[in-house]
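What follows is a single structure, written as structure tokens, with notes after it.
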Amino acid sequence: MKKTGSAAPTGETLDDLRLRLAPKVAENAAFDGWSRRALDVTAQQTGVDGDVLALAFDGGAMAMIDAWFASIDGAMRAAFTPEALAEMKIRARITALVEARLALMAKHREALRRAQAVLAMPQNLVRAAKLGWRTADRLWRAAGDTATDYNHYTKRATLGGVYAATLLVFVNDESEGWADTRAFLARRIDGIMRFEKAKARLAEHAEMRFDPARFLGRLRYRA
């Protein structure tokens, strides 16, 4: 098979190699599954030693999928300047970031479908949950979220669920420009925004409630 790439640059680490070639592995996984065969074809196409590539993706299918998702994280973040995101409202930021991920995966939808099947296997559910959390965390961080209290966790849990559901729609979406997926995403993000507003109102009301312990403390330690 004709080589279309080049061997690993001098000084490139296995982590660098993994991220660089993960999209190519995904391209081949569409035909060969997330398997050693996909790695072997990638090695032939890029000129990277097959044993080195196998070492980089030690861990099998989950390692390949993990690296592919990580490469999408980086490409998604690189698609926006901080200034461009700062000009958007939070709803628009999240929408734009998720849609950027979909665009990056669009030509690898069969690989995504195969990845979903791997992630759904009982032995992979814990790892799959961690990958979903990582994606949600990186989406919120890219959107500028700095929450460190319980909001940090609820935001990621809700967005992670929305993102996973959106991908299930996306892999089977044959509408023009993924219109059905975009509409689904818009409805779900609208739900997230309503949820966040409701949490904020509850927090405000909690601050206004009478707290006997706080009142007695002020009496005891009043200035």
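All of the numbers you see were taken from the coordinates with simple rules; none came from a lab. Model, not experiment: these values are computed from the prediction. Ideal geometry is used to build each Cβ from the backbone, glycine not excepted, and the neighbour counts take in all protein chains shown.
Taken one residue at a time, the phi angles of region 135-142 give Karplus couplings (6.51, -1.76, 1.60, θ = phi - 60°) of 4, 4, 4, 6, 5, 5, 5, 5 Hz. Gly and Pro are set to x. Extending 7 Å from Cα along the Cβ direction at residue 130 and again at residue 52 yields two label points whose distance is 2.7 nm. Report, in whole Å, the centroid distance computed from the Cα atoms of region 96-163 and region 68-88. Value for the Cα centre distance between the two parts: 14 Å. Scalar couplings 3J(HN,Hα) for region 30-39, obtained by applying the Karplus form with A = 6.51, B = -1.76, C = 1.60 to θ = phi - 60°, are 4, 9, 10, x, 7, 9, 4, 4, 4, 5 Hz; x denotes Gly and Pro.
Simple spin-label estimate for residue 179 and residue 75 gives 2.6 nm between the two label positions (7 Å along the Cα-to-Cβ direction from each Cα). Each other residue within a Cβ distance under 12 Å of residue 136 adds +1 if Lys or Arg and -1 if Asp or Glu, for a net charge of +4.
In a shell of Cβ-Cβ distance under 11 Å around residue 63, excluding residue 63 itself, what net charge do Lys and Arg (+1) and Asp and Glu (-1) give? Local net charge: 0.
Comparing 132, 90, 120 along the charge dipole axis of region 80-208, the residue lying farthest to the positive side is 120, per the Cβ-charge model. Each of 195, 184, 57 was scored by other Cβ atoms within 10 Å of its Cβ. Listed from fewest to most, they are 195, 184, 57.
For region 1-106, applying the loop criterion from DSSP together with a ceiling of 10 other beta carbons within 10 Å to the GluC sites (Glu not before Pro) yields 87.
Scan region 106-202 for GluC sites (Glu not before Pro) in coil per DSSP, keeping those whose Cβ has at most 15 other Cβ atoms within 10 Å, and list them by number. Provide the component values of the computation, followed by the final result.
Working: sites: 110, 174, 176, 196; in loops: 174.
When the GluC sites (Glu not before Pro) of region 106-202 are filtered for loop state and at most 15 Cβ neighbours within 10 Å, 174 remain.
Simple spin-label estimate for residue 171 and residue 16 gives 3.4 nm between the two label positions (7 Å along the Cα-to-Cβ direction from each Cα). Multiplying the residue separation of residue 187 and residue 151 by 0.36 nm and removing their Cα-Cα distance gives an extension gain of 10.9 nm.
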